[in-house]
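The values are calculated or read from the model by the stated rules, or taken from the named source; none is laboratory data. Being a predicted model, the structure only gives us computed values, none of them experimental. All Cβ positions, even for glycine, are placed from backbone atoms using ideal geometry, and neighbour counts span all protein chains on display. Ligands, DNA and RNA are excluded from the accessible area calculation, which covers all protein heavy atoms including side chains. Shrake-Rupley method; radii C 1.70, N 1.55, O 1.52, S 1.80 Å.
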Amino acid sequence: LKFIFGPSAVPALDLVDQRSVTRVVAPSGRIAYQVLGSSGKLYTCYSSCHFCTCPAFGFTVLQKNESLLCKHILAVYLSQAMGACQELTVSEEQLTSILLAEEEDEG
């Protein structure tokens with residue numbers, strides 16, 4: 001994994017081991033993932049469009065194009081493959097609040 005994903009591999013595996021990935025599902029079937037980062041901050045990840053709200057994703061992946069993903073997105077993919085995601089069912093309103101909370105943090 002380290003050969004393919006570089007420096008993100010070991011920290012992502014640590015996040016999976018700590019069960020830091022939660023799959024958030026709404027009745028409509030919309031899904032988002034929340035990952036509790038090593039800093040204690042909660043990041044929202046979207047595996048369907050390969051996006052994370054963390055600063056490392058914005059800088060390393062989107063701006064500098066140095067990597068394909070951050071450790072949080074990799075942790076989501078690994079936890080999906082290993083069946084290690086925690087599951088949280090929320091209402092549509094709660095999912096909307098989760099998604100809007102990220103926008104407020106950025107603004």
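One table, with the values for the structure above:
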{"quantity": "21 Å Cα-Cα reach of Lys2 towards lysines, excluding residues that sit fewer than 8 places from it in its own chain", "calculated": "Lys64, Lys71"}
{"quantity": "Fraction of accessible area attributable to carbon and sulfur, the chain (%, probe 1.4 Å)", "calculated": "57 percent"}
{"quantity": "In order through the range 21-38: 3J(HN,Hα) via Karplus (6.51 cos²θ - 1.76 cosθ + 1.60), integer Hz, x for Gly, Pro", "calculated": "9, 10, 8, 9, 10, 9, x, 6, x, 5, 10, 9, 10, 10, 10, 7, x, 5"}
{"quantity": "Estimated FRET transfer efficiency (Glu93, Ala9; beta-carbon r; R0 30 Å; 0.05)", "calculated": "0.25"}
{"quantity": "Exposure ranking of Ile31, Ile98 by accessible area [1.4 Å probe, largest first]", "calculated": "Ile31, Ile98"}
{"quantity": "Residue-by-residue Karplus 3J(HN,Hα) for the range 93-100, coefficients 6.51, -1.76, 1.60, Hz, glycine and proline x", "calculated": "5, 5, 5, 4, 4, 4, 5, 6"}
{"quantity": "For the range 66-91 and the range 33-52, distance of Cα centres in Å", "calculated": "8 Å"}
{"quantity": "Normalised contact order of the chain, rounded percent, pairs of Cα under 8 Å and 6 or more residues apart", "calculated": "32 percent"}
{"quantity": "Rh (Kirkwood; distinct C-alpha pairs) - the range 6-89, Å", "calculated": "12.7 Å"}
{"quantity": "Beta bridges by DSSP in the chain, antiparallel share as percent, to the nearest 5", "calculated": "75 percent"}
{"quantity": "Inter-label distance for Ala81 and Ser39, nm, one decimal - labels placed 7 Å from Cα along Cα-to-Cβ", "calculated": "2.7 nm"}
{"quantity": "Rounded accessible area of Leu62 (nearest 10 Å², 1.4 Å probe)", "calculated": "110 Å²"}
{"quantity": "Protein-only accessible surface order, largest first, of Lys71, Lys2 at 1.4 Å", "calculated": "Lys2, Lys71"}
